[in-house]
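Inspection log for the structure reproduced underneath, given as structure tokens.
Any read-out appearing in this document is the output of simple, stated calculations on the displayed coordinates, not a laboratory observation. Just so it is clear, the structure is predicted and the values come from calculations on it, not from any experiment. As a convention, Cβ positions derive from the backbone with ideal geometry for all residues, glycine included, and neighbour counts pool all protein chains shown.
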Amino acid sequence: MKVGVPKEIKAHEYRVGLTPGAAREYVAAGHRVMIETNAGAGIGATDGDYRNAGATILTSAAEVFASSEMIVKVKEPQPAEWSQLREDQILFTYLHLAPDPEQAAGLLKSGCIAIAYETVTDAHGGLPLLAPMSEVAGRLSIEAAGSALKRSTGGRGLLIGGVPGVQPARIVVIGGGVVGTHAARMAAGLGAEVTIIDRSIIRLRELDELFEGRVRTRFSTIESVEEEVFAADVVIGAVLVPGASAPKLVRRSMLSSMRKRAVLVDVAIDQGGCFETSRPTTHADPTYEVDGIIHYCVANMPGAVPLTSSQALNNATLPFGLALANKGFSAVLENPHLRAGLNVHRGRLTYKAVAESLGLPFSPIEQAAA
């Protein structure tokens, strides 16, 4: 199969769809890999590195899209990219369609086959292609919070871990999944007072055992969320509903009862955000203030550490990408985990939660592929 990797064009996105090492695996499997020139610059990979891996370097994204049967990316296609997709071309990347009707319309119009990293599953019911970036984002969320808390950036002037004799920051993590666990791990490691809120008693038990008393856990109710948010210096939004828009768990009316210049970090912003006042920001301008509360809502947090992120992402996506390259769309029909990743097929939405979030018709894969 002809596999193409364009350079990412989302603002301050430095990751790359295939590292040279991953490209070499595709080539070794008998596929032709075409990389846009300088696509790997953000991770320090040169065109020469890709040539040494057996890839072909093309001079423009237009050439990559035109000559490839499958496009492998990191972030959701931008308008200039989705307009270049064509019927039956496979797109394998993060999509996050639920809060993005314009992208959904563009993909539907293209007639492409779009498989979303974030909804591919595994035998354990997990999301293996979302997990590595959730790990990175969870850890980065605490670094972002620490920066936003500094007085020089408009925060309260609070050190996350405190010092002997001085109270550390109080950090509340809403959501006990991969993002929340890694955020809590980082925060606790720095010496913060950490609470995780989740709706699963089973998960809360697991977290209690994992952290051995270093992190508090609370069952999620309206009352518990309010109590913890109002007393927090930092709130990490780490709620995930696979494929669907994130629920709004912190309303604007709650901000006035929070500590002034506290920080909200919305890691769920790719899925619309779990704070009512969230809107996507960039690494160039990451924060804004609403009612005296600092918001950090960068929509591609792992892009700040592209070397780590690209390697971790490629480790996870490689087996699935090779399956698609080896068998084409048949791989989706044969593999239930890839089938769960199918969001768009020839002008139809094939992921129910996405269709419901967008208010558009849903077509089961059996119907769409008929």
The chain - percent relative contact order, Cα under 8 Å, separation 6 or more: 18 percent
Cα Rg, Dmax (largest Cα-Cα span) when computed across the range 277-318, Å: 13.8, 44
Burial ranking of peptide ranges 46-53, 251-258 (average Cβ count within 10 Å, highest at the top): 46-53, 251-258
Among the listed pairs Lys10/Lys73; Lys75/Lys248; Lys109/Lys352; Lys75/Lys327; Lys2/Lys352; Lys2/Lys73, those beyond 21 Å (Cα-Cα): Lys75/Lys248; Lys75/Lys327; Lys2/Lys352
Ratio of the Cα radius of gyration of the range 234-349 to 2.2 N^0.38 Å, where N counts its residues: 1.37
Difference of contour (0.36 nm per residue) and Cα-Cα distance, Asp208 to Thr59: 48.4 nm
Extreme residue, positive dipole direction of the chain, given options Met254, Leu207, Thr37 (C-beta unit charges): Met254
Part-to-part distance (alpha-carbon centres) for the range 293-370 and the range 55-76, which is given in Å: 18 Å
Alpha-carbon centroid distance for the pair the range 129-161 / the range 174-233, whole angstrom: 16 Å
Estimated vicinal HN-Hα couplings, Hz - the range 165-179 in sequence order (Karplus 6.51, -1.76, 1.60; Gly, Pro = x): x, 10, 4, x, 5, 9, 10, 10, 10, 9, x, x, x, 5, 4
Alpha carbon convex hull of the range 283-370, projected area averaged over orientations, nm²: 8.8 nm²
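What ranking do 319-325, 276-282 get when scored by the average of other Cβ atoms within 10 Å per residue, highest first?
Order by mean packing, descending: 319-325, 276-282.
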P(r), alpha carbons of the range 131-304 - 10 Å bins starting at zero, rounded %: 11, 44, 38, 7, 0
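Sorted by packing (mean other beta-carbon atoms within 10 Å per residue), highest first, where do 262-269, 237-244, 208-215, 222-229 land?
So the order, starting with the most tightly packed, is 262-269, 237-244, 222-229, 208-215.
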Between 0 and 90°, nearest 10: helix 201-211 axis offset from the chain longest Cα axis: 80 degrees
Proximal lysines to Lys150, defined as alpha-carbon separation beneath 19 angstrom and excluding residues fewer than eight positions away on the same chain: Lys260
Theoretical ellipticity at 222 nm over the chain - DSSP helices of four or more residues, -39500 (n - 2.57) apiece, nearest 500: -10500 deg cm²/dmol
Rounded to 10°, Cα long-axis angle of helix 222-231 versus longest principal axis of the chain: 70 degrees
